[in-house]
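Working notes, structure below.
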Protein chains: 2
Amino acid sequence: MEINHKVHNCKDCVYRSWAFKNLSDEELKLINTKKVEKFYRKGEHICVEGDEIKDFMYLQNGLVKLYKTETNTREHIISIAKPKDFIGLLSVFSNKAHIYSITAIEDSVVCFVDLELIKSFIKSNGIFAIDFFEKISAVSDNVIKTRVDINTRQLRGRIAYILLLFSKHIYNSTKFSLPISRKEIAELIDMSTENVIRVLSEFRKDKLIQIEGKSIEILDLEKLEKFYELG
Amino acid sequence: MEINHKVHNCKDCVYRSWAFKNLSDEELKLINTKKVEKFYRKGEHICVEGDEIKDFMYLQNGLVKLYKTETNTREHIISIAKPKDFIGLLSVFSNKAHIYSITAIEDSVVCFVDLELIKSFIKSNGIFAIDFFEKISAVSDNVIKTRVDINTRQLRGRIAYILLLFSKHIYNSTKFSLPISRKEIAELIDMSTENVIRVLSEFRKDKLIQIEGKSIEILDLEKLEKFYELG
DNA sequence: TATCATTTATGATATATGTCATCTAAAACG
DNA sequence: CGTTTTAGATGACATATATCATAAATGATA
């Protein structure tokens with residue numbers, strides 16, 4: 001299968017201004033020669049729990065899930081990462097091996113930058129260090145916040161949260177195609193698959209949303225937000 | 001009320017080798033003159049959600065809880081921090097204001113170091129920067145891991161988790177005095193207070209633990225671990 | 001000390017959620 | 001293309017957990 005994908009020059013990367021704005025042209029050139037940009041088709045593994053951490057990973061495009069394997073048939077999803085997120089979280093600094101697996105839930109492009117190179121920049125370029133840590137801190141903080149938001153709510157509130165998450169923070173639209181299955185939603189919000197399906201049906205019957213397979217349209221944002229607020 | 005407490009010199013601090021081992025004597029002296037070491041009695045607030053973040057906070061001694069206020073009567077506890085933990089998490093780098101409140105659950109000593117000073121060391125001392133981020137990353141990673149551990153278990157598994165947490169990771173003893181109330185345990189594991197009490201009574205009746213008020217002794221570690229593993 | 005408030009404790013009951021069975025629709029595969 | 005597998009959907013029922021009520025024990029306060 002042909003994949004139409006060309007490796008970018010970091011200098012032209014839309015995210016240059018985001019993550020690497022404080023690097024000099026020299027440093028950026030170094031990253032550019034050393035980085036590996038990989039394309040992953042939906043469903044492909046980016047890394048597996050236990051893999052050695054060698055690179056700093058950066059989601060350039062697409063959507064991935066971080067998860068732990070519980071049993072043969074059940075996983076527990078920790079978070080969904082979106083473009084600009086540093087995937088692998090902070091483990092890269094505090095662990096030798098990945099503590100979560102990462103899989104693409106949409107066709108994705110991930111940038112791999114040798115961790116030692118990043119560390120050398122942290123050492124030599126203080127401005128970059130500060131800015132860089134602000135960015136990765138925000139990602140980790142957000143994971144904690146999301147876990148708390150989910151766990152303090154019950155079924156309907158959690159489903160509302162997920163719908164609002166995709167609508168507001170990922171797709172910026174009231175109409176989108178769900179990138180994950182009902183089972184995966186269940187694994188993300190710690191609920192049974194059947195109940196996820198049931199609540200989605202309930203929301204459909206109550207005209208909060210419209211569903212056609214994976215396609216979802218939010219019809220009544222206000223009511224959905226009320227479910228989210230009430231828990 | 002008299003408090004017998006004397007401010008230490010950072011150079012003599014037991015944690016020097018932990019957090020600040022890569023600072024020069026010069027730099028350490030600077031911290032020493034600028035840092036503020038505060039003593040908090042059990043129950044006293046260290047900071048409140050919304051407070052401006054000015055300092056990097058470091059738990060030298062004692063035990064504190066991080067939490068969000070949900071309603072007038074209910075809080076949600078994010079984590080319990082122990083000595084050597086950086087409290088306030090990564091928010092210090094990604095936020096202007098504290099997103100959680102922090103209160104001492106045991107008499108505690110907290111070191112406050114001006115955040116700008118820390119940042120200046122990150123900029124000027126690369127070795128310190130790397131080591132420092134490894135340390136704070138581990139704390140945040142651990143919070144995420146704990147939340148996942150709790151949420152993938154049900155009542156008995158969660159209570160077992162909490163008991164093992166205090167026993168193994170905080171007090172290093174099978175006998176200890178619970179620093180938090182049953183209600184606070186409930187707020188930490190997202191369960192009702194009544195059920196926390198019920199399961200503790202059940203564990204007592206089944207001779208897994210012995211309870212006398214706040215004093216807890218673990219009698220059957222193996223069975224407790226089995227509850228933890230099963231969920 | 002007596003009084004009041006809070007924490008711990010327990011039972012009865014309501015509610016939320018999970019599990020099992022079954023079915024249909026849709027996707028994957030030879 | 002038909003066959004097989006997987007995802008989605010729904011009902012009946014079991015189980016886990018929350019809620020409400022009440023009371024004893026403990027701690028705080030005047």
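Taken together, the values in this text are just the output of simple stated rules run on the coordinates, not laboratory data. Computed from a prediction, not measured in an experiment: that's the story for all the values here. Counting neighbours? That spans all protein chains shown, and the Cβs are built from the backbone with ideal geometry, glycine included.
Listed by position, the strands (runs of 3 or more DSSP E) inside the range B:1-118 whose residues that are within 12 Å of another protein chain (Cβ to nearest Cβ) number at least 2 are B:64-69, B:75-81. Can you work out which of the residues in the range B:136-161 that are away from DNA strand D (no atom under 16 Å from the Cβ) and among the polar types (S, T, N, Q) is surrounded by the fewest Cβ atoms within 10 Å (Cβ to Cβ)? Among those that are away from DNA strand D (no atom under 16 Å from the Cβ) and among the polar types (S, T, N, Q), it is B:Asn142. Against the list (1) basic (Lys, Arg); (2) within 20 Å of A:Ser79 (Cα to Cα); (3) within 12 Å of DNA strand C (Cβ to nearest atom), the condition A:Arg198 fails is (2). Here the condition is being within 14 Å of chain B (Cβ to nearest Cβ), surrounded by fewer than 19 Cβ atoms within 10 Å (Cβ to Cβ) and of a type in the set (Gly, Ala, Ser); of A:Ser181, A:Ser201, A:Ser192, it holds for A:Ser192 alone. Residues of the range B:126-135 that are buried (at least 19 other Cβ atoms within 10 Å of the Cβ) and more than 8 Å from chain A (Cβ to nearest Cβ): B:Phe128, B:Phe132.
All conditions but one from (1) within 14 Å of another protein chain (Cβ to nearest Cβ); (2) more than 14 Å from DNA strand D (Cβ to nearest atom); (3) over 17 Å from B:Ile78 (Cα atoms) apply to B:Leu164; the one that does not is (1). Residues in the range B:158-212 that are in contact (Cβ under 8 Å) with a residue 12 or more places away in the chain, in a loop (DSSP other than H, G, I, E, B) and closer than 20 Å to B:Leu66 by Cβ: 5 in all.
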